[in-house]
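Trainee: Mind having a look at this structure? Questions to follow.
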Amino acid sequence: MRRVWIVMMLLGVVGYGAPLRVAVAANVSYAIEPLIEAFHKSYPHTKVEVVLGSSGKLTAQIRHGAPYDLFLSANMRYPEALYKEGLSVTKPVVYAKGSLALLSMKPRDFSQGLALLTQPAIHKIAIANPHTAPYGVAAAEALRHQHLYDRLKPKFVYGESVGQTLTYAMHAADVGLVAKSALFSPKLRHLKEGESWQEVEGRFYHPILQGMVRLRRTKQKRERDAFYHFMLGERAQEVLVSYGYSL
């Protein structure tokens, strides 16, 4: 998987002026390219520059003056904080709802749910850092709901973003608590539900409402607003659903 904590990529055709800079939570890393491809069908001359990372780190960068135009977070808390601090022009809106999933690169008996993690064969569990990644907060909530967090904590391998957590789950841990959306990436679509992965019951954690805000420092207001409204439109929502999000 590509490095997602600070990765820059340019997408699009020849455009004019400065690119639109969009800060994007790492869990959207696989969906963002098809989203931009769909956006370019209506706005072919708008260059889009994407920065992927944990929502917490992207928020810190925005506070320190990073020249981003739009922020797609993995939760509502960070965008709401930016709005209260006067760094966005409007209140955040929900553009997608995320879900947690258990992932193993080896076949497992996922009928046990989270209790699977207590098995002696599970030595390392990849989990996003709850201090920087909203999906880490959700994972901790789910484990606490099942009274497993303290018992399993010595097994945790922390990723600074949900993207890094996915890498750990694939290569350095026995099981990972990851964003369900990651399982719809080209590299993982072949994995079977119930054998390699299982969605974590939504009642175990607060809904992962992913928020979007238009940032105040922009010099690309027209392009920013166009992408903002595109993300709330039917075509973008279709793309998000195809990558495991709900509306």
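Trainee: Search the range 132-153 for residues that are under 17 Å from Y78 (Cβ atoms) and pair each with any residue that is of a type in the set (K, R) when their beta-carbon atoms are under 8 Å apart and the residues are at least 6 apart or on different chains.
Mentor: From residues that are under 17 Å from Y78 (Cβ atoms), the pairs are T132/K57; P134/R77.
Trainee: Further, regarding this structure: Please state which one of A179, A169 is buried (at least 21 other Cβ atoms within 10 Å of the Cβ) and modelled with pLDDT under 95.
Mentor: A179
Trainee: Still on this model: Has the range 101-109 got at least one residue that is part of a loop (DSSP other than H, G, I, E, B), within 20 Å of the chain's Cα centre (by Cα) and under 30 Å from A226 (Cα atoms)?
Mentor: The first filter runs over the range 101-109 and keeps only residues part of a loop (DSSP other than H, G, I, E, B), leaving 104-109.
From what's left, within 20 Å of the chain's Cα centre (by Cα): 104.
Now restrict to residues that are under 30 Å from A226 (Cα atoms): none.
Looking for residues that are part of a loop (DSSP other than H, G, I, E, B), within 20 Å of the chain's Cα centre (by Cα) and under 30 Å from A226 (Cα atoms), one finds none in the range 101-109, hence no.
Trainee: How many residues does the range 201-226 hold that are within 30 Å of Q146 (Cβ to Cβ) and part of a loop (DSSP other than H, G, I, E, B)?
Mentor: Here the count works out to 4.
Trainee: In the set Q198, Q164, which member is surrounded by 13 or more Cβ atoms within 10 Å (Cβ to Cβ), in the same structural domain as P107 (by TED's automatic domain parsing), part of a strand (DSSP E or B) and under 20 Å from the mean Cα position of the chain (by Cα)?
Mentor: On inspection, the qualifying residue turns out to be Q198.
Trainee: Another question, then. Being touching a Pro at 6+ places or on another chain (Cβ under 8 Å) and either acidic (D, E) or modelled with pLDDT of 95 or more (or both) is the filter here, so list the residues in the range 211-245 that pass it.
Mentor: G211, M212, V213, V239
Trainee: Is it the case that L247 is surrounded by 13 or more Cβ atoms within 10 Å (Cβ to Cβ) and in contact (Cβ under 8 Å) with a residue 24 or more places away in the chain?
Mentor: Taking the combined requirement at face value, the residue does not satisfy it.
The values are calculated or read from the model by the stated rules, or taken from the named source; none is laboratory data. It should be emphasised that the depicted structure is a prediction, and the values quoted were computed from it without experimental measurement. Methodologically, a virtual Cβ is constructed for each residue, glycine included, from the backbone with ideal geometry; neighbour enumeration extends over all protein chains shown.
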